[in-house]
Amino acid sequence: MNLYVSNVSFHTTSNDLEVLFSKYGEVVSAVIVTDKESGRTKGFGFIQMEEEGARLAMNELQGKEIEGRRLNISIARHKG
């Protein structure tokens, strides 16, 4: 299952997200999206993990304050 995570601190790394979400299940990938020109984060990312863990993580982490910002988590929609 792919999750969209927004309102992420600009200091949070992909590894930070992976560690946070791995408490709830196996993380396949964790990516913080960055601006191609500046390299700065855009404040959101994507987590791919098994469904049971993803649902548990959504329930536990939705609205949780991490580095001064409250996370927003939803199921990622496919582009297209």
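Here, each number is a calculation from the coordinates, and none is a lab measurement. Remember, it's a predicted structure, so these values are computed and weren't measured experimentally. Ideal geometry is used to build each Cβ from the backbone, glycine not excepted, and the neighbour counts take in all protein chains shown.
Rounded to the nearest 500, the 222 nm mean residue ellipticity of the chain from helices alone is -7000 deg cm²/dmol, with -39,500 (n - 2.57) taken per DSSP H run of at least 4 residues. Using the alpha-carbon positions of the stretch 2-75, Rg (one decimal) and Dmax (whole number) come out as 11.4, 36 Å. The phi-based Karplus calculation (6.51 cos²θ - 1.76 cosθ + 1.60; θ = phi - 60°) puts the 3J(HN,Hα) values of the stretch 37-49 at 7, 8, x, 6, 6, 9, x, 8, x, 10, 10, 10, 7 Hz, whole numbers, x for Gly and Pro. Net charge in the neighbourhood of Val27 (other residues with Cβ under 11 Å of its Cβ; Lys, Arg +1, Asp, Glu -1) is -2. Placing pseudo-labels 7 Å out from each Cα toward the beta carbon at Lys36 and Thr13 gives an inter-label distance of 2.5 nm.
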